[in-house]
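Report on the structure given below.
What follows is calculated from the coordinates using simple rules that are stated; it is not laboratory data. Source: prediction; values computed, not measured. Cβ sites come from the backbone with ideal geometry, for glycine too, and all protein chains shown count toward neighbours.
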């Protein structure tokens, strides 16, 4: 079955550590996105990529980094520079022609 | 970053009632999308709209693409308990940047 897989579902890290969230899709989508969602809030765009080896900053990119070495994969690293990293992180993918985005199940990151 | 104006922020309704929510923007969009998010999960695409004036149904859900291309609404008829969740609208301008612009969400709560 085609879809987007985020792992892990829950992640705990100590303050000051970098952590990498995985996102893999087998939908053959060109574009991939990372969003952050805080309790009771909408979705805020962190980074997006429309083709391999290229990505753009979204609205809240500070303290995050990404790579897009393969079409299927778009990992997000939450660095120690991110001041408030505890949140629900959502990965999505889409065709660059539109038709909306399809989401993974999310990773809930808690930094203690 | 830009956000759509989505209202209401939350709704408390009785089972069986009809529900209506909408999104407005000062910008024109080529695509309007409606998503539903269950707690702890990623949003799921409900309805996609591609033409001004378009009215599309998905079971008990009906959505319309406003004639000005600056708004959209979603109706849910005869609500049931599994309709509970957060509903998001998203717009896509369709230029070379295929980012989605998001509303803040409408939380639907069904009173027992």
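Kindly state, as a whole number, the per residue volume in cubic angstrom of the convex hull around the alpha carbon atoms of the stretch A:57-106.
Values: hull volume 5.0 nm³, N = 50.
Residue-normalised Cα hull volume stands at 101 Å³.
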Using a Debye calculation, one point per C-alpha and no hydration shell, please list log10 I(q)/I(0) for the protein assembly as shown at q = 0.14, 0.18 Å⁻¹ in order. -0.87, -1.32
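Tell me, rounded to the nearest percent, the portion of alpha carbon pairs in chain A spaced more than 19 Å apart.
Details: 2408 of 6216 pairs.
Here the tail beyond 19 Å accounts for 39 percent of pairs.
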One finds, for residue A:71 and residue B:10 with R0 = 35 angstrom and r their Cβ-Cβ distance, a FRET efficiency to the nearest 0.05 of 0.35
Relative contact order [Cα under 8 Å, 6+ residues apart], chain B, whole percent: 37
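If you count the DSSP beta bridges with both ends in chain B, what percent of them are antiparallel, to the nearest 5? Write out the running numbers ahead of the final one.
Numbers: 36 of 41 bridges.
In chain B, approximately 90 percent of DSSP beta bridges are antiparallel ones.
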Determine the shape class of the stretch B:37-109: with a ≥ b ≥ c the square roots of the Cα gyration tensor eigenvalues, call it rounded for a/c under 1.5, and otherwise prolate if a/b is greater than b/c, oblate otherwise. oblate
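Partner chain Cβ atoms within 10 Å, averaged over the residues of B:34-41 - can you pull that number for me? Show your work: numbers first, answer last.
On the way: counts 1, 4, 0, 7, 0, 0, 6, 6.
Across B:34-41, the average partner-chain Cβ count within 10 Å equals 3.
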Counting partner chain Cβ atoms within 10 Å of every residue's Cβ in A:101-108, what's the average? 4
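Return the Rg/Rh ratio of the stretch A:1-49 with Cα-based radii and a Kirkwood Rh.
Numbers: Rg = 13.0 Å, Rh = 13.0 Å.
Result for the stretch A:1-49 is an Rg/Rh of 1.00.
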Shielding score for B:42-53, defined as the mean number of other chain Cβ atoms within 10 Å: 3
Computed label-point distance, nm, for sites residue A:26 and residue A:86 using a 7 Å Cα→Cβ extension: 3.6
Taking the Cα-to-Cβ direction at residue B:27 and at residue A:10 and moving 7 Å from each Cα, how far apart do the two end points lie in nm? 3.8
